[in-house]
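Quick notes on the structure that follows.
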Amino acid sequence: MASHSDSSSSAGSQRRGVRNPAARATATDKYSVLLPTYNERENLPLIVWLLVKSFEESGNNYEIIVIDDGSPDGTQEVAQQLEKIYGPDKILLRPRAKKLGLGTAYIHGMQHATGNFIIIMDADLSHHPKFIPEFIRKQKEGNFDIVSGTRYKGNGGVYGWDLKRKIIRVANFLTQILLRPGVSDLTGSFRLYRKEVLQKLMEKCVSKGYVFQMEMIVRARQLNFTIGEVPISFVDRVYGESKLGGNEIVSFLKGLLTLFATT
Amino acid sequence: MTKLGQWISTLLALMLIWLCLVQDLLNLGYSQKFHDVIVPLPVYLLVTAGSYSLATLGLRLASFNDCEEAAQELFLQIQEAQADLASKGLKLGSSEAAPGRP
């Protein structure tokens, strides 16, 4: 596996973990979790609780950055309560005035992140924080620049889809054929990035929505960043609601073809 | 080169080779049997590629993991979390507790 180019003579470099899998998390590794939220009043406390539990159990240093886009349902008020409960060094509130989109939410969040690793995930409990220690372990194991959660490999999977899963599988197959991305789950959004890698990628990406998640991986491959994968389970809790309309399919295809033709 | 570029150039290259063979542009003189195989080759390959795709898709759909246990574990943890947070002083105010996104 091509490894991220390090100066091979730096004796004190914490990236030496790749030679010694038993190396403890160095005191300087810190993980910033970016949580863009919109109307997540119910889910935010739960996801924060699970994150705190996971990090405390694994002993990794962390912070959670909540980027709320002016939710009208009181998400920010709940976030403030959480900040009081867990401390402002662990829960950072960095809201914005209105719904400005995911890409800019990440950029905004990164500006306030003090960690050297960034974790992005959904705030609606479809991504479970219990996988984060596995992401961290995988990253150290292979000294990866990016670790991506996959629903399609190993014992990764999905709960709560039915017809939708069939469509998604076809879509994923198309992305594999057209883009040959080298990762099994291209549209996933549960990932760990080195901070400087994410910054570099954000500069280069132009798409919106979840096509942007696809573009990040494609660009990462172009720039020769290394990507590891961890199987994750994805729990879709919005029952009965068909979130996959014709619109989504069309925009996905458009995005896919654009990436196909431009990268 | 873009992925589209790679596809186009590969396809063009293959087409040229096939045309050369079919028209015998290199004057290598083939038997009729060889000719009978070469001419319909693109169609054969297309059909094979199509079947392979369908088979792969079918296999992947069939083996798609349905994580029941993950959903149940999550459900239990949600209850644990709500209780713990309430004890730490979290107040959610009065609203219908919806299971997912509003």
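The values are calculated or read from the model by the stated rules, or taken from the named source; none is laboratory data. Bear in mind that the values here come from a model prediction, so they are computed numbers and not experimental data. Note that we place each Cβ from the backbone using ideal geometry, even for glycine, and neighbour counts take in every protein chain shown.
Would the range A:38-54 turn up any residue that is at negative phi and at pLDDT below 85? Scanning the range A:38-54 turns up no residue that is at negative phi and at pLDDT below 85.
Condition check for A:Ile120 on (1) closer than 19 Å to A:Ser54 by Cα; (2) within 10 Å of chain B (Cβ to nearest Cβ): one failure, at (2). Of all the listed residues (A:Pro88, A:Pro95), the sole one being without any contact (Cβ under 8 Å) to a residue 12 or more places away in the chain, within 26 Å of A:Gln199 (Cα to Cα), of a type outside the set (Asp, Glu) and out of contact with any Phe, Trp or Tyr (no Cβ under 6 Å at 6 or more places or on another chain) is A:Pro88. Just one of the listed residues (A:Lys153, A:Lys166, A:Lys90, A:Lys140) is over 18 Å from the mean Cα position of the chain (by Cα) and either over 25 Å from A:Ile67 (Cβ atoms) or surrounded by fewer than 16 Cβ atoms within 10 Å (Cβ to Cβ) (or both), and it is A:Lys166.
Checking every residue in the range A:167-180 against the condition of being without any contact (Cβ under 8 Å) to a residue 12 or more places away in the chain, of a type in the set (S, T, N, Q) and over 25 Å from B:Ala70 (Cα atoms) gives at least one match. When the range A:155-180 is filtered for residues that are closer than 13 Å to B:Ser53 by Cβ and at the interface with chain B (Cβ under 7 Å from one of its Cβ atoms), the ones remaining, listed by number, are A:Arg169, A:Val170, A:Phe173, A:Leu178. For residues in the range A:138-154 being more than 8 Å from chain B (Cβ to nearest Cβ) and of a type in the set (Ser, Thr, Tyr), which is farthest from B:Arg60 (Cα to Cα)? Ranking the candidates gives A:Ser148 first.
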